[in-house]
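Engineer: The structure's right below; bear with me while I get my questions together.
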Amino acid sequence: MESLRDLVIFVTNIFNNIIVLYFFLANGSYTVLMVISFVHVWLYQMKVGYAGLQEVRESPVTPPVSVIVPAFNEEASIILTVESLLGMDYPAIEIIVVDDGSTDQTLTKLVEHFQLIRMDLICRPRLPCTPPSAFYHNPHIPSLTVVSKPNGGKPDALNVGINVSRSPYFCTIDADCVLEKDSLLRLMYPVIQSSTNTVISAGIVRILNGCVVKNGEVTEIRLPERAIEKFQIVEYLRSFLFGRTGWNMLQATFIASGAFCIFHKETAIEAGGFGHDTVTEDIDVVASVHRLMRAKKRKYRTSFTTDPVCWTICPHTRELLGKQRRRWQLGLIQTVMKHNDMLFNYKFGTLGLLSLPFQTFIEGFGCLVEFGGYILIPLSFLLGLTPLDLFLLFVLLAFVYGTFLSVGGVLLEEITFRRYPKMMDLLRLLAYAAFENFGYRQMIVLYRVQGFVQYLRGEKSWELVRHTVRTGTEGTPA
Amino acid sequence: MLIEEIISTVVGLILIVVVLGVGLGFLSIQRRVTRTRYFRNLDASRQQVKELLDSIYENPGPVKDAVQALQVLRSSPQRRALEEALLRRAQDPVHFPFARDIIKELGWIQKWAHELRSRAPRPKGRIAEMLVELGDDYRRPNLLRRIVLRLQANFVRRCKASDKLGQVPSPEGVWAMLVGTSDPHPEVQEICLRHLGQLADPATLPILIEELIAVVEGRSKQSVRNIKTSLVQFSLEDIGTFTAALQHPNRRVRFFATDIVREIADRHSASATLSKNDFSPDIYRLFTEKFHLDESPDVRARAAVVISHFHDDLSAALLRKLLEDEAWFVRMHATRAAAHKLYLPLAAEVVQRLTDQNWLVREAASKALIQMGDLGADFILEAFIHSQDHYTNEQICEELQRSGLLVTMLDNIPSMGASAVLKDSALVERSVEDERYTLALLVVRKMVATGKITMLLMLLRGPIRSDIKLLLLRELMGSYTPESLETFEVCAETDPDPNVRTTALYAFQTALERATAAAMAAEGAEK
């Protein structure tokens, strides 16, 4: 009995050390990223005034872009999304909607709304994919093509879109997203400006819930009603404004949201396109592109820009959020394990030495440490290893640091974009940033641990997250 | 470490983090309050400035008086509003001269020029020569001011200065921007180059071309697209300046120079058809004597498009040659270059490209023929009817559907009695009467033969003329795919025209018989 207690004490001690190490590493990394992002975003905001978007818009040199929209059972949002794409302010755009064997009215709605005619068009596959079963086109809307295919999953639909696309760059968009009018132009801007081949250009994804959408455009930005949605807004601000900005500054982008990202087509094809072996094909393709470019010793860069905005619907119930986060975690672990040879590999530069270890140990396995902490810290107190005051203080420190980082995200938003116009919205965001660490964070950790367990079980398929666009009529909040 | 020490460290950390967190929160609120106030003031200032400027523009007097009247605007939002308003008015050709004079009188042009030139190295080489030629009489500020400028004018400020100078064209601005092209910061250089391109002053073109060469040779940090965007804004009259770049030993320089000339020519041709007289004799000679033979296929490809703008016999002959070039993308560009009614004489050669090995050339050829107008379309339809090549048929078929030519062609069929369509003799009669009918019929027949019937079936279900539906039904009668059967059934049940319903029913029964026979034959073969 005594030896069992000793063993528990020994394990608890080791784990306590791991938790302390994790705490300092994770929060240290986030703090560094936040500082870098403050500088970058501040500078970017100042530069926007003379960016010359008008010149890019009018230049014959601006390259065309194919926008690929994979859609599976998206009847509620697909028309809104395509209309927002058709209204984009970009000189040469090709929109390819790939209906991935929807069982609802997605295809019918598209055909009826845009008066599409089924045609026999040619598909010359360069990436392996399920062959398309039908093409739909309207000669009066030459930029829009709808491809129908048997269900094969999102990566397969994206690969079909790449095969059909004709432009040197393609942009992936989720079918439940609404893009701002000039977002594609802003996303392509760093590609055009750079003297180095920019193979990936990602933009920021913001939460549409609560906003007012009219004719495929977000006309009024509001906070959603439910607390779970507001917490996600704070989370997105933190993740996009200082997470991805910071990694981009270090040229170590490992995650680019497939909901809104531009790829250099030839590079993506050479990297093998979107793979089927992970449930987060967007993260996987970014890693594959890095691998290819480093292996071929080609000069390249990736870009993340904070003002081209893609509005997306976030889960509004705990059940949906759980499904989403489990999938993200499962995909992240699958991807880092697939590309684990890049880990601490100096050949991959900051990606291999900083970003991938961060994604693996902090974002990937970190949830286990945090989850373990929630169990072991009280246990170590019960075992008498940690005095009550130290135990409580340590928990408090973890929470206040989390709050500090979230408030940092809100401040970053406030000094730059100020998307939420009402003072009350700002105060609410600050409040939610403070309360995020008391309940919501623990719930997310739990979902992530479940995602990890799914990985250990060898699950390959992902739980479908069916978002409900709560737009009864145009002009009402989503 | 003692437990007490750990506790005090943790408490310290908590306090620091709490103070920082609360500080960031307050900073957010403070920022919101001050920005709201600032923008409220700015809006009020904008209104005030608008009223002031409106009255000045309504009764324009001496510039000095206008500036005197504007002296009441002193606060930061007022100055910002005034700057915005004047820069906006400078974009309007009517208001530009007065706006520029006011801006100059306010001393802003000089201020921006000082800022832009504050960190740039002393001009040398070509830029120095050009500044002398342009009469640059810039006087550097005194030492103290120079030191202040050096400290204040960071690259963002210099970029902004350059941007503003570009929006209010003036000799002082052009001189400063020329100096700015050698600024230590690439972003400042980029803005200067961009605005020099927008102003398109022929005097500055050599500097931009020099920059292009530097970019291609890897001596400049600028992006090729940026410098190209600047260069393509110049006029057709200025392309003589490109001669040196066009003859540069580096093939990439030649390629970019040719491509820029192509863009300039394309832009001009959008408003009026060009001829060889729009180009200088040197350029004409260079393209007709050298470039179609250039060792670089990229140059030959881009040259094909420029040559196509000459619109003379020689250019047609050269295009004919380039249509058969060994490199596929030269053939593709030459085909695209011939996509004009004036190149209808080349239609036969373009038709040849419909059987090209490369699908991009085939696609370009089908598009080019359609762009050649009705006669070009006839060429592509004839080619489709007679072609035995699977890939050619596939390509033309796609173009007929995508471009809407198929629908247009069917719409243009002369209206005829429903009964006549079903008679074989009608074909002969109509072919004499109207070739369009025959052509459409043969195209439909070929589409059926190649199995590309999806769109025809869709048209049958749509609101098109009954006589066209009858024609389609007659041609599709042999098809017994599930889609055909379904379409015939829908037509037989729902079409408003009784003739169409009857014919569709007949087509359905025939197709069903054939489908059954085929299924039984397949079953028999299996057994």
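The values are calculated or read from the model by the stated rules, or taken from the named source; none is laboratory data. Nothing here was measured: the structure is a model prediction, and the numbers come from that model. Neighbour counts are summed over all protein chains in view; Cβ atoms, including those assigned to glycine, are modelled from backbone coordinates with ideal geometry.
Engineer: Mind listing just one residue for me: the one in the range B:258-280 that is in a helix (DSSP H, G or I), under 9 Å from B:His309 (Cβ atoms) and not hydrophobic (A, V, I, L, M, F, W, C) and, of those, farthest from the other protein chains (Cβ to nearest Cβ)?
Structural biologist: The first filter runs over the range B:258-280 and keeps only residues in a helix (DSSP H, G or I), leaving B:258-269, B:276-278.
Narrowing the set further to residues that are under 9 Å from B:His309 (Cβ atoms) leaves B:262, B:265-266, B:268-269, B:276, B:278.
When the remaining residues are screened for being not hydrophobic (A, V, I, L, M, F, W, C), the result is B:262, B:266, B:268-269, B:276, B:278.
Values: B:Arg262: 10, B:Asp266: 7, B:His268: 12, B:Ser269: 12, B:Lys276: 23, B:Asp278: 18 Å.
Step by step, filter the range B:258-280, then rank; the result is B:Lys276.
Engineer: Does A:Pro91 satisfy the criteria of being touching a Lys or Arg at 6+ places or on another chain (Cβ under 7 Å), surrounded by fewer than 20 Cβ atoms within 10 Å (Cβ to Cβ) and within 14 Å of another protein chain (Cβ to nearest Cβ)?
Structural biologist: Answer is yes for this residue.
Engineer: Ok, one more. I'm told B:Ser220 meets every condition in (1) facing chain A (nearest Cβ under 9 Å); (2) assigned to a helix (DSSP H, G or I) except one. Can you identify the failing condition by its number?
Structural biologist: (2)
Engineer: Kindly establish whether A:Val41 is under 20 Å from the mean Cα position of the chain (by Cα) and within 14 Å of another protein chain (Cβ to nearest Cβ). It would help to see each step written out before you state the result.
Structural biologist: On the way: under 20 Å from the mean Cα position of the chain (by Cα): yes; within 14 Å of another protein chain (Cβ to nearest Cβ): yes.
Spelling it out, A:Val41 is indeed under 20 Å from the mean Cα position of the chain (by Cα) and within 14 Å of another protein chain (Cβ to nearest Cβ).
Engineer: Which ones in the range B:95-140 are in a helix (DSSP H, G or I) and acidic (Asp, Glu)?
Structural biologist: Initial filter on the range B:95-140 (in a helix (DSSP H, G or I)): B:96-105, B:108-117, B:125-134.
Matches in the range B:95-140: B:Asp101, B:Glu105, B:Glu115, B:Glu129, B:Glu133.
Engineer: Applying the selection to the range A:126-141, what residues are of a type outside the set (Lys, Arg) and part of a loop (DSSP other than H, G, I, E, B)?
Structural biologist: Within the range A:126-141, A:Leu127, A:Pro128, A:Cys129, A:Thr130, A:Pro131, A:Pro132, A:Ser133, A:Asn138, A:Pro139, A:His140, A:Ile141 meet the criteria.
Conditions tested, residue by residue: (1) at pLDDT below 90; (2) of a type in the set (Asp, Glu); (3) under 45 Å from the mean Cα position of the chain (by Cα).
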position	(1), (2), (3)
B:Leu442	no, no, yes
B:Thr487	no, no, yes
B:Leu505	no, no, no
B:Glu513	yes, yes, no
B:Thr516	yes, no, no
B:Ala522	yes, no, no
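Engineer: Could you identify the single residue in B:Arg46, B:Arg89, B:Arg79, B:Arg32 that is within 14 Å of chain A (Cβ to nearest Cβ) and basic (Lys, Arg)?
Structural biologist: B:Arg32
Engineer: As an exercise: evaluate A:Trp328 against (1) touching a residue at least 24 places away in the same chain (Cβ under 8 Å); (2) surrounded by 22 or more Cβ atoms within 10 Å (Cβ to Cβ) and give the number of the one condition it does not meet.
Structural biologist: Condition (2) is where A:Trp328 drops out.
Engineer: Could I ask something else about it? I want to confirm something. Restricting to the range B:449-483 and keeping residues that are basic (Lys, Arg) and over 11 Å from A:Asp120 (Cβ atoms), which single residue is farthest from the other protein chains (Cβ to nearest Cβ)?
Structural biologist: The first filter runs over the range B:449-483 and keeps only residues basic (Lys, Arg), leaving B:452, B:461, B:465, B:469, B:474.
Remaining after also requiring over 11 Å from A:Asp120 (Cβ atoms): B:461, B:465, B:469, B:474.
Values: B:Arg461: 10, B:Arg465: 16, B:Lys469: 15, B:Arg474: 20 Å.
Step by step, filter the range B:449-483, then rank; the result is B:Arg474.
Engineer: Now for a separate question. B:Val305: in a helix (DSSP H, G or I) and more than 12 Å from B:Ala368 (Cα to Cα), yes or no? Can you show your working first?
Structural biologist: Numbers: in a helix (DSSP H, G or I): yes; more than 12 Å from B:Ala368 (Cα to Cα): yes.
So B:Val305 passes the test.
Condition check ((1) at pLDDT below 90; (2) not polar (S, T, N, Q)) across all residues:
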| residue | (1), (2) |
| --- | --- |
| A:Asn13 | yes, no |
| A:Asn16 | yes, no |
| A:Tyr30 | no, yes |
| A:Ile95 | no, yes |
| A:Thr106 | no, no |
| A:Leu116 | no, yes |
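Engineer: Same structure, new question: Of these, A:Gly273, A:Gly322, which one is surrounded by fewer than 22 Cβ atoms within 10 Å (Cβ to Cβ) and touching a helix residue (DSSP H, G or I) at 6+ places or on another chain (Cβ under 8 Å)?
Structural biologist: A:Gly322 is the lone residue from the list that is surrounded by fewer than 22 Cβ atoms within 10 Å (Cβ to Cβ) and touching a helix residue (DSSP H, G or I) at 6+ places or on another chain (Cβ under 8 Å).
Engineer: Additional query: Can you tell me how many residues within the range B:364-380 are within 14 Å of another protein chain (Cβ to nearest Cβ), buried (at least 21 other Cβ atoms within 10 Å of the Cβ) and out of contact with any Ser or Thr (no Cβ under 6 Å at 6 or more places or on another chain)?
Structural biologist: Residues meeting the conditions: 1.
Engineer: Another question about this same structure. Does B:Leu24 meet the test of being at pLDDT 90 or above and either within 30 Å of A:Thr416 (Cα to Cα) or surrounded by fewer than 16 Cβ atoms within 10 Å (Cβ to Cβ) (or both)? So that I can check it myself, show each step before the final result.
Structural biologist: Values: at pLDDT 90 or above: yes; either within 30 Å of A:Thr416 (Cα to Cα) or surrounded by fewer than 16 Cβ atoms within 10 Å (Cβ to Cβ) (or both): yes.
Spelling it out, B:Leu24 is indeed at pLDDT 90 or above and either within 30 Å of A:Thr416 (Cα to Cα) or surrounded by fewer than 16 Cβ atoms within 10 Å (Cβ to Cβ) (or both).
Engineer: Something else about it: Return the residues of the range B:497-527 that are in a loop (DSSP other than H, G, I, E, B) and either without any contact (Cβ under 8 Å) to a residue 24 or more places away in the chain or among the hydrophobic types (A, V, I, L, M, F, W, C) (or both); say none if nothing qualifies. Give the steps one after another, and end with the answer.
Structural biologist: Of the residues in the range B:497-527, the ones in a loop (DSSP other than H, G, I, E, B) are B:497, B:527.
B:Lys527, the sole residue that qualifies.
Engineer: Of the residues B:Ser230, B:Ser220, which is of a type in the set (Ser, Thr, Tyr) and either touching a Lys or Arg at 6+ places or on another chain (Cβ under 6 Å) or modelled with pLDDT of 95 or more (or both)?
Structural biologist: So the residue among B:Ser230, B:Ser220 that is of a type in the set (Ser, Thr, Tyr) and either touching a Lys or Arg at 6+ places or on another chain (Cβ under 6 Å) or modelled with pLDDT of 95 or more (or both) is B:Ser230.
Here's the yes/no breakdown for (1) crowded, with 17+ Cβ neighbours inside 10 Å; (2) assigned to a helix (DSSP H, G or I):
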position	(1), (2)
A:Ile377	yes, yes
A:Val395	no, yes
A:Ala398	yes, yes
A:Phe404	yes, yes
A:Val410	yes, yes
A:Tyr420	yes, no
A:Leu430	yes, yes
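Engineer: To continue, here is another question. All but one of (1) among the acidic types (Asp, Glu); (2) within 23 Å of the chain's Cα centre (by Cα); (3) at the interface with chain A (Cβ under 9 Å from one of its Cβ atoms) hold for B:Asp163; state the number of the condition that does not hold.
Structural biologist: It is condition (2) that B:Asp163 fails.
Engineer: Restricting attention to the range A:342-363, does a residue exist that is touching a helix residue (DSSP H, G or I) at 6+ places or on another chain (Cβ under 8 Å) and within 14 Å of another protein chain (Cβ to nearest Cβ)?
Structural biologist: no
Engineer: Follow-up question, since we're still on this one. State whether one or more residues within the range B:58-67 are surrounded by 11 or more Cβ atoms within 10 Å (Cβ to Cβ) and within 13 Å of chain A (Cβ to nearest Cβ).
Structural biologist: So far as the range B:58-67 goes, no, none of its residues is surrounded by 11 or more Cβ atoms within 10 Å (Cβ to Cβ) and within 13 Å of chain A (Cβ to nearest Cβ).
Engineer: When you scan the range A:175-232, how many residues do you find that are closer than 27 Å to B:Ser230 by Cα, among the basic types (Lys, Arg) and in a strand (DSSP E or B)?
Structural biologist: Summing the residues that are closer than 27 Å to B:Ser230 by Cα, among the basic types (Lys, Arg) and in a strand (DSSP E or B) in the range A:175-232 gives 0.
Engineer: Sort through A:Asn248, A:Asn215 and tell me the only one that's under 17 Å from A:Pro308 (Cα atoms) and either at pLDDT 90 or above or surrounded by fewer than 21 Cβ atoms within 10 Å (Cβ to Cβ) (or both).
Structural biologist: A:Asn248
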